[in-house]
Amino acid sequence: MGEFLADIYPWTKSLHIMSVIAWMAGLFYLPRLFVYHTEVVGSGNETDDLFQTMERRLLKAIMNPSMISTWLFGLLLVLTPGIVDWSMIWPWVKGLSVILMTWFHMWLGGRRMDFVAGTNTLTGRRYRLMNEFPTVLMLVIVFSVVLKF
């Protein structure tokens, strides 16, 4: 299996990067939709329904599949011989950051359900602040992988 993974390494890495880009786009955009939903739209009207549809489709059609493919291709990279040196710090930092990114993804899914139930209590300011979380994690991940500290 190791030789096969080594042979397809460029493909796996390419698909992993594309998956991460799609996932990050959703992680940046969904909280921004929540800001507008909270500050401008309100609840119980046609625009609320429109925003709920946009949020659901973003999460279900883009974010969930890209998160799953990010994990899949990332795990294949981890299993590829010679790619990860577990005696270094960077793979552990990246792994923890990816787990935190996945937690944030799930947290956003919970907030979407709050909008569906009409029970959102967070402010637009709070969503703006939370929107910085994936940015910080992205910086940690990229620096750890590229610099291999």
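The numbers here are math on the coordinates, done by the rules we state, and not lab data. None of the values given here were measured: they were computed from a predicted structure. Positions of Cβ are generated from backbone atoms using ideal geometry, with glycine treated the same way; all protein chains shown enter the neighbour counts.
Expressed as a whole percent, the proportion of Cα-Cα pairs in the stretch 1-82 lying more than 14 Å apart is 67%.
With 0.36 nm allotted per residue and the present C-alpha distance subtracted, the residue 45-residue 102 stretch has 17.4 nm of extension available.
With the crude spin-label approximation of a point 7 Å out along Cα→Cβ, what separation in nm comes out for residue 114 versus residue 32? Distance between the two pseudo-spin positions: 2.1 nm. Taking a straight line from the alpha carbon of residue 148, these aspartates and glutamates sit under 16 Å away, with near neighbours fewer than eight places off in the same chain left out: 85.
May I ask for the angle, rounded to the nearest 10°, between helix 46-57 and the longest principal axis of the chain, with both axes built from Cα atoms and the value confined to 0 to 90°? That helix lies at roughly 10 degrees to the long axis. For the stretch 50-131, the spherically averaged projection of the C-alpha convex hull amounts to 6.5 nm². Helical runs assigned H by DSSP (4 residues or longer) give the chain a calculated mean residue ellipticity at 222 nm of -25000 deg cm²/dmol, each run adding -39500 (n - 2.57) before division by the residue total.
For the chain, the convex hull drawn through the C-alpha positions has a volume of 99 cubic angstrom per residue.
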